[in-house]
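Data first, discussion second: the structure below is written as structure tokens.
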Amino acid sequence: MNTSQYRISKDRLLKTLENWDSLMNFKVNIIACGGTALTLMDIKESTKDVDFIVPIISECERLIKFLRNIGYVDGAGGLVHENDPFFIYQFWSGANVFTTELLNSPLNEGQNIPIRKWKKIYLGALNLNDLITTKIFRGTGVDIQDCLEVLKKKDVDPWRLYKHYKETADYDINPDKVMINFINFIERLYSEGLATDEFLKEVMSCR
């Protein structure tokens, strides 16, 4: 069966977290990243996988234990439920997203965008500079297209993004590779009229 048609919308995702909240007896801070964050910020209509950071490690451990107790099981690199078998919930703890280590905790002031707060769950979305950085680090075609949509729909200072990206890249195990990803991304921006000559020249100088 082709599962690419199965995607989760913002409304359905919020309803799922509301259900979790109604069953919980503990508080947890959840920060959406990847396509999940873009969906919650109305940049994308839906997302295939659900990606969350739970910055406080003890909260992450408790959340995963809770989800297992209500029927979630391991599957395809994350947790799935028999009622939603095509939606994979993936969790990162601390300040890690995919293969990227963030410079700051997503719970620090200004590091996440508030989405919703229930009785037990606080839900935020990763700040735009970190969101774009983590996607360009991976550098897939989908990631690049997602980042283009962010810059088209949200106010992102390219110079601040560049400085943030370079600093994050310095801590990566392969900084040259992820900087090449950024150069390729800026060349794409330039081709679509979303980057200036001056900015392209500055980025290209880091080769």
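Counting only lysines at least 8 places from K201 when in the same chain, those with an alpha carbon closer than 26 Å to its own are K135, K152, K153, K154, K163, K166, K177.
What does the net charge come to around I173 if you take all other residues with beta carbon closer than 15 Å to its beta carbon, with K and R at +1 and D and E at -1? List each step's numbers first, then the result.
Details: positive: R138, K177; negative: E101, D170, D172, D176.
Taking every Cβ under 15 Å from that of I173, the sum is -2.
Over segment 114-202, with the other protein chains present, what is the accessible area per residue in square angstrom, probe 1.4 angstrom?
Values: 4830 Å² over 89 residues.
Counting only protein heavy atoms, the per-residue value for segment 114-202 is 54 Å².
The lysines whose alpha-carbon is closer than 22 Å to the alpha-carbon of K117, local same-chain residues fewer than 8 away aside, are K10, K15, K27, K44, K65.
Expressed as a whole percent, the accessible area of segment 35-94 that falls on carbon and sulfur atoms is 48 (1.4 Å probe). For the chain, averaging the sequence separation of C-alpha pairs within contact (under 8 Å, six or more residues apart) and dividing by the residue count gives a relative contact order of 19 percent.
Using a probe radius of 1.4 Å on heavy atoms only, what accessible surface per residue do you get for segment 1-87? Whole Å² is fine. Spell out each step's value before the answer.
Details: 4390 Å² over 87 residues.
For segment 1-87, the per-residue accessible area is 50 Å².
Using Cα atoms only, what is the angle between the long axis of helix 128-138 and the major principal axis of the chain, expressed in degrees (0 to 90) to the nearest 10? Between helix and principal axis, roughly 80 degrees.
What does the charge add up to near L131, with Lys and Arg as +1, Asp and Glu as -1, over the other residues with Cβ less than 13 Å from its Cβ? Net charge in that neighbourhood comes out at 0. Loop-located GluC sites (Glu not before Pro) in segment 56-124 (DSSP state not H, G, I, E or B) with no more than 13 neighbouring Cβ atoms inside 10 Å: E82, E109.
Taking the longest Cα principal axis of the chain as reference, the axis of helix 141-153 is set at about 80 degrees.
The chymotrypsin sites (Phe, Trp or Tyr not before Pro) of segment 145-207 meeting both criteria, a DSSP state outside H, G, I, E and B (loop) and at most 13 other C-beta atoms within 10 angstrom of the site's C-beta, are Y171. What is the Cα centroid distance between segment 133-176 and segment 69-110, reported in whole angstrom? Cα centroid of segment 133-176 versus Cα centroid of segment 69-110: 20 Å apart. Computed with a 1.4 Å probe over protein heavy atoms only, the accessible area of R188 comes to about 90 Å². Each listed q (0.08, 0.12, 0.19 Å⁻¹) maps to a log10 I(q)/I(0) for the chain from the Debye sum over equal C-alpha point scatterers, namely -0.29, -0.63, -1.39. Compared with the dominant principal axis of the Cα atoms in the chain, helix 158-169 is inclined by about 70°.
The values are calculated or read from the model by the stated rules, or taken from the named source; none is laboratory data. None of these values were measured; they are calculated from a predicted model. Neighbour counts are summed over all protein chains in view; Cβ atoms, including those assigned to glycine, are modelled from backbone coordinates with ideal geometry. To get the accessible areas, we keep the full protein, side chains included, count just its heavy atoms, and leave off ligands, DNA and RNA. Shrake-Rupley method; radii C 1.70, N 1.55, O 1.52, S 1.80 Å.
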